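To start, the structure under review is shown below, and the notes come after it.
The values are calculated or read from the model by the stated rules, or taken from the named source; none is laboratory data. Please read all numbers here as calculations on a predicted model, not as lab measurements. Here the Cβ positions follow ideal geometry from the backbone for every residue, glycine too, while neighbour counts run over all protein chains shown.
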Amino acid sequence: MRVTYERVGGQLPFMKKTNSIDTETMPDSESREFLELAARSGILGMEDRRVAPSAARDQFTYILTVEDGGKSRRVEVSDTDMPASIRPLIDYFRARKGSGGPRNP
């Protein structure tokens, strides 16, 4: 399975952060951990989902593209409409180098 993460928007909407994970190339223990996190998030069973335009000009939109078994789905969530189950997966990607790490409170 391959999951691609993109973060777009914020105060500089042209700035885009991207990161991908391919469970086939990860060590077994990391792959299992990631697959469990992805399963708990619910994205593996979601249909394509797009974010409606928002008046919040500085919010981020997170795009997760899941490719598995010849199928692909794209799930978009934003800071304001993100299901709680997806937050740990977004945080996982944000903690990875180049993914637009955690914001300062």
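Computed quantities for the displayed model
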{"quantity": "Pairs where the first residue, in the stretch 22-41, is closer than 17 Å to Ala95 by Cα and the second is exposed (fewer than 13 other Cβ atoms within 10 Å of the Cβ) and at pLDDT below 95, C-beta under 6 Å, 6+ apart", "calculated": "Ser41/Ser85"}
{"quantity": "Residue selected from the stretch 60-95 under the condition of a type in the set (Val, Ile, Thr) and part of a strand (DSSP E or B), by the criterion farthest from Met15 (Cα to Cα)", "calculated": "Val66"}
